[in-house]
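This report concerns only the one structure given below.
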Amino acid sequence: MNRIVPKLAPTLRQPAELVERCLVPASRLADLERVAARYAIAVTPDIAALIDGDDPDDPIALQFIPSADELVEKPGENPDPIGDDAHSPVPGIVHRYPDRVLFKLVHVCAVYCRFCFRREMVGPGKATALSDAAYRAALDYIRSHRQIWEVILTGGDPLMLSPRRLAEIMGDLAAIEHVKIVRLHTRVPVADPARITPEMVTALRVDGATTWIAIHANHPRELSSEARAACARLADAGIPLVSQSVLLRGVNDDAAALEALMRAFVECRIKPYYLHHGDLAPGTAHLRTTIEQGQELIRGLRGRVSGLCQPEYVLDIPGGHGKAPVGPSYLSHVNSRDRETDAETRYRIVDYCGDVHLYPPEF
Ligand code: SF4
């Protein structure tokens with residue numbers, strides 16, 4: 001385990017700092033410099049403290065420490081892998097599904113994930129936040145589309161905003177009569193838990209709309225005691241919490257890690273929500289699994305852990321066609337209803353042990 005990074009240290013943003021703090025061997029410095037010329041780096045002290053610099057396969061390091069593999073692009077990878085641009089009527093808004101929009105307020109994050117699906121849009125050197133005029137135009141768009149029931153604040157990470165600014169934004173959204181839900185997607189409770197101050201928690205609650213928070217974590221070690229305390233501050237304030245994880249090779253693509261992650265979420269009052277199949281973001285092939293591996297992991301999870309711990313395994317269809325569940329199927333037809341003989345439709349159904357049964361059963 002890394003022993004050197006004190007929690008009060010600044011966020012590490014340069015390859016040389018990662019080497020200096022023994023998070024990566026000096027032999028990799030030149031590779032890291034090449035990656036840093038293209039993609040942002042940020043490793044907070046809380047995340048750095050979780051990294052075992054002596055372990056070349058450390059699952060936390062794989063998520064945040066750059067790799068030369070990021071400069072290898074594979075066919076099918078795309079700077080806009082889930083097709084945000086095709087559904088963006090005004091800057092900052094992605095309107096893909098009828099009843100909800102993404103509202104991308106900022107383009108900065110506490111940490112930069114090596115597999116990020118918006119890696120071409122986030123980080124220093126990109127526009128850091130929406131201009132005032134763009135913000136007002138985005139609000140006008142939401143106001144004029146009465147079918148928008150839910151606004152999802154994403155980015156970048158919306159909890160990088162100050163509590164004062166967040167309170168203004170929450171107030172602006174809650175003042176729109178048809179907006180009933182404001183959901184924030186964030187990695188901050190895990191990556192920089194000290195940002196979840198009482199002021200931040202107060203800013204997130206607003207009269208007129210219900211706040212939900214989706215917390216992104218991929219390995220059980222990310223739910224450190226500090227992260228758990230930050231999540232508890234949100235849950236204690238009555239804010240419902242759900243999880244988002246990405247299935248990542250070497251990080252959580254084994255049954256024990258995935259099970260421990262889902263149990264940790266539930267222990268923190270975070271309902272497992274989505275397990276995303278890795279998106280086709282440029283230079284991320286080394287971290288992607290196959291869909292078959294994901295299905296096998298989900299099948300195994302169903303056999304071992306409580307229903308509370310089951311996320312939905314989803315794929316964002318490239319091109320902006322939305323999410324589709326891609327988990328295993330437990331039901332198949334034996335026969336369809338026969339109109340002539342009036343024989344009932346029969347199914348084969350697989351139980352949590354993998355045994356196959358008929359439904360309706362034969363007596
Ligand atoms: S926190 Fe989210 S938006 Fe930011 S780098 Fe990680 S995956 Fe991308």
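Below is a table of values for the structure above.
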read-out: Of the criteria (1) out of contact with any strand residue (DSSP E or B) (no Cβ under 9 Å at 6 or more places or on another chain); (2) of a type in the set (F, W, Y); (3) assigned to a helix (DSSP H, G or I), which one Y352 fails; value: (3)
read-out: Condition check for P163: more than 16 Å from the ligand (Cβ to nearest atom), closer than 25 Å to V43 by Cβ, touching a helix residue (DSSP H, G or I) at 6+ places or on another chain (Cβ under 7 Å) and modelled with pLDDT of 95 or more; value: yes
read-out: Any chance Y273 is in a loop (DSSP other than H, G, I, E, B), hydroxyl-bearing (S, T, Y) and over 28 Å from L71 (Cα atoms); value: no
read-out: Pairs, first within 17 Å of V108 (Cβ to Cβ) in region 143-166, second within 16 Å of the ligand (Cβ to nearest atom) and open to solvent by 60 Å² or more (accessible area, probe 1.4 Å), C-beta under 7 Å, six or more apart; value: L159/R195
read-out: Meets criteria (within 16 Å of the ligand (Cβ to nearest atom), more than 26 Å from D192 (Cβ to Cβ) and either at pLDDT below 95 or assigned to a helix (DSSP H, G or I) (or both)) for D80; value: yes
read-out: Test: residue in region 258-274 that is within 21 Å of D55 (Cα to Cα) and either of a type in the set (K, R) or open to solvent by less than 10 Å² (accessible area, probe 1.4 Å) (or both); value: yes
read-out: Region 307-321, residues that are open to solvent by less than 20 Å² (accessible area, probe 1.4 Å) and either more than 19 Å from S245 (Cβ to Cβ) or hydrophobic (A, V, I, L, M, F, W, C) (or both); value: C309, V314, G320
read-out: Residue that is least open to solvent (accessible area, probe 1.4 Å) [pool: residues in region 1-27 that are modelled with pLDDT under 95 and charged (D, E, K, R)]; value: K7
read-out: Every residue from region 178-224 that is in a strand (DSSP E or B), away from the ligand (no atom under 16 Å from the Cβ) and either closer than 18 Å to S245 by Cβ or in contact with a Gly (Cβ under 8 Å, 6 or more places away or on another chain) (or both); value: W212
read-out: Total residues in region 12-50, condition closer than 19 Å to P220 by Cα, within 16 Å of the ligand (Cβ to nearest atom) and part of a loop (DSSP other than H, G, I, E, B); value: 2
read-out: Residues satisfying the stated conditions in region 89-119, i.e. part of a strand (DSSP E or B) and within 16 Å of the ligand (Cβ to nearest atom); value: V94, L102, F103, K104, V106
read-out: Verdict on V106 being open to solvent by less than 10 Å² (accessible area, probe 1.4 Å), touching a Leu at 6+ places or on another chain (Cβ under 7 Å) and at pLDDT below 95; value: yes
read-out: Among (1) surrounded by 15 or more Cβ atoms within 10 Å (Cβ to Cβ); (2) assigned to a helix (DSSP H, G or I); (3) out of contact with any strand residue (DSSP E or B) (no Cβ under 8 Å at 6 or more places or on another chain) - the single one G303 does not satisfy; value: (1)
read-out: Residues within region 120-176 that are hydrophobic (A, V, I, L, M, F, W, C), part of a helix (DSSP H, G or I) and open to solvent by 50 Å² or more (accessible area, probe 1.4 Å), tallied; value: 2
read-out: Whichever residue in region 46-101 is buried (at least 21 other Cβ atoms within 10 Å of the Cβ) and without any contact (Cβ under 8 Å) to a residue 40 or more places away in the chain and, among such residues, is nearest to G283 (Cα to Cα); value: A61
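The values are calculated or read from the model by the stated rules, or taken from the named source; none is laboratory data. As the structure is a prediction and not an experimental result, all values here were calculated from the model. Backbone-built Cβ (ideal geometry, glycine too); neighbour counts: all protein chains shown. These accessible areas exclude ligands, DNA and RNA; they are computed on the full protein's heavy atoms, side chains included. Shrake-Rupley method; radii C 1.70, N 1.55, O 1.52, S 1.80 Å.
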